[in-house]
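The block underneath contains the structure these notes are about, expressed in structure tokens.
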Amino acid sequence: MTSVSRIMIDFVCPGLACGRWELGSSQQEGGGGGRATPAAGAPRAARCLFERAHSANGGMAGSGGYRGGYAVQAINTRFWMDQGRRIVGRKAGLTAKAVQQQLGVDQPDFGVLFDDMEIKDGGTLDPARCLQPKAEAEIAFVLGADLLDPNTTAEMAGAAVATVHAAIEIVDSRIADWKIAFADTVADNGSSAFYVLSEVGKPLAGLDIYSAGMVMEMNGQIVSLGAGAAALGHPLNAAAWLASTLAQRGEPLKG
């Protein structure tokens, strides 16, 4: 499995429930929809593993729960690649301590960005492609070099960045009412459904992404706020964590 080009980092703006999105303008209209579940067509092993790992309260439980979640994600990822989908990047989620505490974990998670998940800047997302979507303002890096070291530092990650982009991630969940545990969101591809990158990126040099703020508005009203410092202390820390974690798994990020 090869990850390439793009890294999306949670910018710690709380998810905003959305219907019809004109991405870039953050306008909400209409209601939900019904996206197809990969597990419905994926190998039986993924479905069985997911079912075995679930406890009676509806979430994957136990010390091995997150391992089962990543196993389900990997099986579904291989299934979709066999169907012709192409990996163009990865996302790092749960990078804020407050969000980790909500799920009772002490680590971020990651998911896959496929080519068909991208919505063009200023484009429209049909709610029929979603179940219970939310929008999150994020920061994204487009890489210009590979990150192969299992002990990648923030400085190494920064040196590999070609451009920095404002981004929106549309998260979605197959778990009813978003009542998720950590392993649930991991198994469900980090709850990642779609994303949009700003059409124009900027070089990292000279940008203060540590104190950079993010404001999300809907119909002219501020609905959430975020700051780069909340992402593991710095967005490049989150990028370094992602690069190291994937390199250790034999799936390094490549520019």
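Brief remarks follow.
- Test: residue in the range 197-208 that is closer than 21 Å to Pro108 by Cα and of a type outside the set (Ser, Thr, Tyr): no
- Close pairs (7 angstrom Cβ cut-off, 6 or more residues apart or separate chains): charged (D, E, K, R) in the range 69-88, surrounded by 15 or more Cβ atoms within 10 Å (Cβ to Cβ) anywhere: Arg85/Phe114; Arg86/Phe114
- Breaking point among (1) surrounded by fewer than 16 Cβ atoms within 10 Å (Cβ to Cβ); (2) within 14 Å of the chain's Cα centre (by Cα), for Asp126: (2)
- Scan of the range 194-217 for residues that are part of a strand (DSSP E or B) and either under 15 Å from Ile9 (Cβ atoms) or at pLDDT 95 or above (or both), ordered by number: Phe194, Tyr195, Val196, Leu197, Lys202, Gly213, Met214
- Scan the range 129-159 for residues that are surrounded by fewer than 22 Cβ atoms within 10 Å (Cβ to Cβ), over 15 Å from the mean Cα position of the chain (by Cα) and not basic (Lys, Arg) and the total you get is 15.
- Filtered residues of the range 158-199 (kept if touching a helix residue (DSSP H, G or I) at 6+ places or on another chain (Cβ under 7 Å) and within 19 Å of Glu217 (Cβ to Cβ)): Val171, Tyr195
- Criterion applied to Ile170, Ile139, Ile180, Ile175 was being in contact with a Cys (Cβ under 8 Å, 6 or more places away or on another chain), at negative phi and not acidic (Asp, Glu), and the one residue passing it is Ile170.
The values are calculated or read from the model by the stated rules, or taken from the named source; none is laboratory data. Values in this document were obtained by computation on a predicted structure and should not be read as measured data. Please note: Cβ atoms are built from the backbone with ideal geometry, for glycine as well, and neighbour counts cover all protein chains shown.
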